[in-house]
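A quick write-up on the structure given underneath.
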Amino acid sequence: MTEQTLVLVKPDGVRRNLIGEVIARIERKGYSIVDLKFVQPNESLLREHYEEHVDKPFFPSLLEFMMSGPMVAIRVEGDRVVEGFRSLAGETNPTTAAPGTIRGDLGRDWGTAAIENVVHGSDSTLSAERELAIWFK
Ligand SMILES: Nc1nc2c(ncn2[C@@H]2O[C@H](COP(=O)(O)OP(=O)(O)O)[C@@H](O)[C@H]2O)c(=O)[nH]1
Ligand SMILES: [Mg+2]
């Protein structure tokens, strides 16, 4: 069934000139980009986006990282794209993410407090709907 997901190219991905690489992988997989914009999010938007993480010990460093520069927000469409993009992205930790995935190929541990892992992808169709409403108001 056709669905949509939210992809973010995080500030590390933008700084490292990886926007095109991320977009190319989405397009090569056959998913469609149906909306896209540059965003410099504020704290309240990020608190809403990461509502399940606000009480975690790593949240302050996550917030600092996510506010460290502009991001690209992308609305991506396709059959089972939510699960499909998570698979393209790879697991959260870029050091152990599988080679072939975005995080596995392009991310690494830089020794910073935050886990810099190039992209975000919604983790369920429910999250996708919620997050797309936040980023594409
Ligand atoms: N410093 C730190 N950052 C984390 C940790 N877990 C997650 N993060 C960051 O918070 C984001 C959201 O976490 P999560 O939803 O668990 O992972 P994701 O869905 O794979 O992005 C991750 O992509 C990382 O950037 C952690 O244990 N320590
Ligand atoms: Mg998540």
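Some points to look at:
- Helices (runs of 4 or more DSSP H) contained entirely in segment 29-126, each with at least 1 residues that are in contact (Cβ under 8 Å) with a residue 60 or more places away in the chain and within 12 Å of ligand 1 (Cβ to nearest atom): 43-49, 81-89, 102-106
- Residues within segment 19-64 that are over 13 Å from the mean Cα position of the chain (by Cα), under 16 Å from Glu116 (Cβ atoms) and of a type in the set (Phe, Trp, Tyr), tallied: 2
Residues are listed down the side, and each one gets a yes or a no for (1) at pLDDT 95 or above; (2) within 13 Å of the chain's Cα centre (by Cα); (3) loosely packed, with under 15 Cβ neighbours inside 10 Å; (4) more than 16 Å from ligand 2 (Cβ to nearest atom):
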| residue | (1), (2), (3), (4) |
| --- | --- |
| Gly69 | yes, no, yes, yes |
| Arg86 | yes, yes, no, no |
| Ala89 | yes, yes, no, no |
| Asp105 | yes, no, no, yes |
| Ala113 | yes, no, yes, yes |
| Val118 | yes, yes, no, no |
| Thr125 | yes, no, no, no |
| Glu131 | yes, yes, no, no |
| Ile134 | yes, no, no, no |
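The values are calculated or read from the model by the stated rules, or taken from the named source; none is laboratory data. What you are looking at is a predicted structure, and each value in this text was computed from that prediction instead of being measured. Heads up, the Cβs are rebuilt from the backbone with ideal geometry, glycines too, and the neighbour counts pull from every protein chain shown.
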